[in-house]
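Since the structure comes first, as structure tokens, the remarks are kept for the end.
The values are calculated or read from the model by the stated rules, or taken from the named source; none is laboratory data. Given the structure is predicted, the values throughout are model-derived calculations rather than measurements. Positions of Cβ are generated from backbone atoms using ideal geometry, with glycine treated the same way; all protein chains shown enter the neighbour counts.
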Amino acid sequence: MAVIDLANPTRFLTLVDRVLPWLAGVTALVFAYGLYRVVGAPDDYQQGATVKIMYLHVPGAWLGMMGWGVMTVAALGTLVWRHPLADVAGKAAAPIGAAFTFICLATGMLWGRPMWGTYWVWDARLTSVLVLFLLYLGMLALYWTADDPNRSTRAAAILALVGAVNIPIIKFSVDWWNTLHQPASVVRMGGAAIDSSILVPLLIMTLAFTLLFFTLHFAAMRNEILRRRVRSMRMMQARESDT
Amino acid sequence: MSPFLALLARDMRLAVRVGGGALMGALFYFIVVAMMPFAIGPDLNLLARIGPAILWLGALLASLLALDRLFATDHEDGSLDLLMMGAMPLELAVAAKAIAHWLTTAVPLIVITPVLGLMLNIDMSSMGWVALTLLAGTPALTFIGLIGAALAVALRRGGLLLAVLVLPLTIPVLIFGVAAANAALVGPAPFGPPFTILCALSLASLVLGPVAAAAALRQGLE
Amino acid sequence: MQLRGGDLACERGGRLVFAGLNFALAGGEALVVTGRNGAGKSSLLRVLGGLLRHSAGRIELSGGADEATLAEQSHYLGHLDAVKPSLSVSENLLFWTTYLGGPRGAAIRPALDAVDLAGLADLPAAYLSAGQKRRLSIARLVAVRRPVWLLDEPTSALDTPSQERLAGLMRDHLGSGGMIVAAAHGPIGLDGARELRLGRPAEPMS
């Protein structure tokens, strides 16, 4: 099946139905192995078991950024190639990316409590994730406000691209803002080199969460396609009874 | 169901359906408050000291800006005409809409306040008191803003006009809201007096807001 | 039951729309208001519905419910349909029925049947065409019994079968002792309706 065939939503649905159980299964297996390795991983000599929050926190940060990446590619697909599935992919990625960003923030706060003695400090990395989360909320608000999915398509694509261009600038300014106010005294997470006994489980967990992202993303795309079909069928119903 | 409850239920349903503005107020509040430290700096002690003021200003702006479309949509699609022709006094209809708006906009805003309090380094144990001042004070903001929303429709203008008309009227609410929140957090002044005045302001605007808004809508008839 | 307007005048934005208007209407009678654009047809209906103040004259409704004002005993069908797109067809109708004081636990179905929308009851109103929205708007006149119908160009956006159905509804309403004041450019399918021609403010006719 060529990639171009996937432009047809019906073919895509067939593919998703075939792939999704396997993808979900692989995700579960990798998760099982990853969790087994995480349990076996050593605790930090200072933080104790608290350091295990990292196995949730770091994948959350990665997937929050990857989610916006998916939306950016989808936005290009919408604006440049006018691919019929691109908009669906972008719309499906937004809430999932937002959820992972939220996981990163929430675990960051829980991790911060024992480390900083407070749930939140305006640490450069955490703050950047917060700004990413705000951007996601804006995107969700855009989808939420537009009652007609066809109208929100291009607006959301433009917002995704603007966000993608802006994220590095925001990241830079937040770093600069942070050093301006708190020169180097902040405890930085993961600053030092990580031992492989921690790194390998972390990579496996990141892979597991990435697989989970795509499982959810495919399922969400399928739901969105079906939702749009229901919508057009209901419109057809209204039109037919008009004659 | 009485007409009052029917209108209340309709407005709440519209707010939570696609295209409704139920969570927009809370979202705006979250963003405004989260942006303050970028201007002020991440000094946790300073943030803790001015935290209640930041929360209250954010809540004030969010409550008022979200009111912009309260009557405008009903005016544009002809619903407002029919609302005026019901057997129920227009004052009550206006109050029903305001209560629905408060429930869908201000309540989510109060619910997320503790999270924002964490970001501003406000002491967890007193966070409930700050949320309580918002619970007592936001009805006043909604019902005072109601007058502005009605005037904006009567004048066929929206947006910033509402804020310009109404913001000065909300100064007492801001004063006593922040005073009560500060009293709860740091003292030494007692919490009771400013909080009681805040409640009184809310109760008074609960009566005055609908009456003035209904009068403004009637004046604007065309 | 009688609706009577005496020496009515209306001003909008400093301009005299009409003046010295006289009409009387009894139960079971219809009044068709005609006139060129801007002659004040819509203004007259809005004055009767209490949505616009009249600058002079008086309006009397006798023989209706004692306490209720004319506005509370009137249905107003304006250019706008007062239909919320995100609510379903039946939710829209149920709201207006409850709000306008329809019978408790009002049956929505017969009213939707009367405008041929029963099949779409659960559909969001956003999917309706202009004509269907218009019919949904008309359904509330059927669902809530009010003696006076104020109709502003009621046939606009309606196709021929719908216009005939509306004419049938209007005849039923008149037959049960109701009154209709309708603004129209052309015939609206009411035989024996009286005509009120609005001309220039200086030369009112009745």
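Annotations
- Within the range B:57-80, considering residues that are among the aliphatic types (A, V, I, L, M) and more than 30 Å from B:PRO37 (Cα to Cα), the one surrounded by the fewest Cβ atoms within 10 Å (Cβ to Cβ): B:ALA72
- Looking at the range C:127-206, the strands (runs of 3 or more DSSP E) lying wholly inside it that each contain 2 or more residues that are buried (at least 23 other Cβ atoms within 10 Å of the Cβ) sit at C:148-152, C:179-183.
- The residues on offer are C:LEU93, C:LEU52, and the sole one that is among the hydrophobic types (A, V, I, L, M, F, W, C), at the interface with another protein chain (Cβ under 10 Å from one of its Cβ atoms) and not in a strand (DSSP E or B) is C:LEU52.
- Members of the range A:118-150 that are within 11 Å of chain B (Cβ to nearest Cβ) and of a type in the set (D, E, K, R): A:ASP123, A:ASP147, A:ASP148
- Annotation: of all residues in the range B:194-207 being surrounded by fewer than 15 Cβ atoms within 10 Å (Cβ to Cβ) and not β-branched (Val, Ile, Thr), the one that is farthest from B:GLU91 (Cα to Cα) is B:ALA200.
- Tally of residues being among the aliphatic types (A, V, I, L, M) and either closer than 25 Å to A:ARG151 by Cβ or more than 7 Å from chain C (Cβ to nearest Cβ) (or both) across the range B:1-15: 6
- Among (1) buried (at least 17 other Cβ atoms within 10 Å of the Cβ); (2) within 14 Å of chain B (Cβ to nearest Cβ), the one test that C:GLU29 misses: (2)
- Residue within the range B:127-141 that is part of a helix (DSSP H, G or I), touching a residue at least 60 places away in the same chain (Cβ under 8 Å) and within 14 Å of chain A (Cβ to nearest Cβ) present: no
- Some residue of the range C:4-13 being charged (D, E, K, R), out of contact with any strand residue (DSSP E or B) (no Cβ under 9 Å at 6 or more places or on another chain) and either surrounded by fewer than 20 Cβ atoms within 10 Å (Cβ to Cβ) or closer than 17 Å to C:GLU195 by Cβ (or both): yes
- Some residue of the range B:83-90 being within 17 Å of C:LEU51 (Cβ to Cβ), touching a strand residue (DSSP E or B) at 6+ places or on another chain (Cβ under 8 Å) and at pLDDT 85 or above: yes
- When residues of the range A:171-192 are limited to those that are out of contact with any helix residue (DSSP H, G or I) (no Cβ under 9 Å at 6 or more places or on another chain) and away from chain B (no Cβ under 13 Å), the one modelled with the lowest pLDDT: A:ALA184
- Criterion (closer than 30 Å to B:VAL18 by Cα and crowded, with 20+ Cβ neighbours inside 10 Å) met by exactly one of C:LEU61, C:LEU77: C:LEU77
- The residue list B:VAL94, B:VAL18 contains one member that is within 14 Å of chain C (Cβ to nearest Cβ) and surrounded by 22 or more Cβ atoms within 10 Å (Cβ to Cβ), which is B:VAL94.
- Pick from the range A:126-144, criterion of a type outside the set (A, V, I, L, M) and in contact with a helix residue (DSSP H, G or I) (Cβ under 8 Å, 6 or more places away or on another chain), ranking: surrounded by the fewest Cβ atoms within 10 Å (Cβ to Cβ): A:GLY138
- Meets criteria (under 22 Å from B:LEU132 (Cβ atoms) and in contact with a Leu (Cβ under 7 Å, 6 or more places away or on another chain)) for B:PHE191: no
- Meets criteria (within 12 Å of another protein chain (Cβ to nearest Cβ), touching a residue at least 12 places away in the same chain (Cβ under 8 Å) and surrounded by fewer than 23 Cβ atoms within 10 Å (Cβ to Cβ)) for B:GLY25: no
- The range A:95-131: number of residues that are over 22 Å from A:MET205 (Cα atoms) and touching a residue at least 24 places away in the same chain (Cβ under 8 Å): 11
- Within the range B:46-64, not a single residue is under 20 Å from the mean Cα position of the chain (by Cα), within 14 Å of chain C (Cβ to nearest Cβ) and at pLDDT 85 or above.
Okay, residues lined up against (1) more than 10 Å from chain B (Cβ to nearest Cβ); (2) within 23 Å of A:MET235 (Cβ to Cβ):
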site: C:ALA68; (1), (2): no, no
site: C:HIS75; (1), (2): no, no
site: C:ASP81; (1), (2): no, yes
site: C:PRO85; (1), (2): no, yes
site: C:THR97; (1), (2): no, no
site: C:LEU100; (1), (2): no, no
site: C:VAL115; (1), (2): yes, yes
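- Taking (1) within 20 Å of the chain's Cα centre (by Cα); (2) more than 22 Å from C:ARG46 (Cα to Cα) in turn, C:TYR99 satisfies each apart from (2).
- Exactly one residue out of B:PHE191, B:PHE143 is of a type in the set (Phe, Trp, Tyr) and crowded, with 21+ Cβ neighbours inside 10 Å, and it is B:PHE143.
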